[in-house]
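See below for the structure under consideration.
The values are calculated or read from the model by the stated rules, or taken from the named source; none is laboratory data. In this text, all values refer to a predicted model and were calculated from it rather than measured experimentally. Every residue, glycine among them, receives a Cβ derived from its backbone with ideal geometry; neighbour counts consider all protein chains shown.
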Amino acid sequence: MSTKKDDLIALLDHELQGTRRMLERVPEGRFDWKPHEKSFSLGELAMHISTLLSWMTTIMREPSADLASSPDDPPVPARQQALLDHFDANADALRAAVNNVDNTDMGESWQLMQGGHPLIDEPRVSVVYKMGLNHLIHHRGQLSVYLRMLDAPVPATYGPTADEQGSF
């Protein structure tokens, strides 16, 4: 019989693998490219995706977080390998945080605050799914469009892509 924690670990493994494959395709030397003036640059979007993992780690480890004291995303690295190293370190920390909780912890209330005022008060597992994984998947989808626009091969995530037919 699976538990909330087991289900989250299985889903995380799948999503982190797909996300890393997407980040591996970010073309070196194009980190400043933007599809539109209002958009993230390619490097900013990739770094935001990588940093979202640390947000999920905070949700798993802390009883709350306050947006008023939340740090900005780190600066975009100059090299793709530094981006991947950042992602890998955040993925390792997230896996450790999930492994260190039990199912009771997963159901405990977690609060997102803004200057001490609660914005969200929901079970931890719900917040991880909504604000962590769904947010990650949303931005990974954006990244796939950026890659297509730059004619970089888009990796398979939920099924084959035009670049990787049959590689699911």
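How about segment 47-67: which of its residues are in a helix (DSSP H, G or I) and either out of contact with any helix residue (DSSP H, G or I) (no Cβ under 7 Å at 6 or more places or on another chain) or β-branched (Val, Ile, Thr) (or both)? ILE49, THR51, THR57, THR58, ILE59, LEU67 - these are the residues of segment 47-67 that are in a helix (DSSP H, G or I) and either out of contact with any helix residue (DSSP H, G or I) (no Cβ under 7 Å at 6 or more places or on another chain) or β-branched (Val, Ile, Thr) (or both). Among the residues examined, THR19 does not qualify as within 14 Å of the chain's Cα centre (by Cα), at pLDDT 95 or above, of a type outside the set (D, E, K, R) and under 14 Å from VAL128 (Cβ atoms). Mind telling me which of the residues GLU44, GLU37 ends up being touching a Lys or Arg at 6+ places or on another chain (Cβ under 9 Å) and either free of Cβ contacts under 8 Å to residues at least 40 places away in the same chain or outside any helix (DSSP H, G or I) (or both)? On inspection, the qualifying residue turns out to be GLU44. Listed by position, the helices (runs of 4 or more DSSP H) inside segment 99-164 whose residues that are loosely packed, with under 14 Cβ neighbours inside 10 Å number at least 1 are 103-107, 134-149.
Entry remark, segment 68-85: residues being closer than 13 Å to PHE31 by Cβ, not aliphatic (A, V, I, L, M) and not in a loop (DSSP other than H, G, I, E, B) number 2 in total.
Cβ-Cβ distances below 6 Å connect the following pairs, each with a first residue in segment 116-143 that is at negative phi and touching a residue at least 12 places away in the same chain (Cβ under 8 Å), a second residue that is among the hydroxyl-bearing types (Ser, Thr, Tyr) and surrounded by fewer than 16 Cβ atoms within 10 Å (Cβ to Cβ), and a separation of six or more residues or different chains: ASP121/SER109. The residue pairs whose first member lies in segment 87-112 and is under 16 Å from ASP13 (Cβ atoms), whose second member is β-branched (Val, Ile, Thr), and whose beta carbons are closer than 6 Å, counting only pairs six or more residues apart or on different chains, are ALA93/THR57; LEU94/THR57; ALA97/THR57; VAL98/ILE9.
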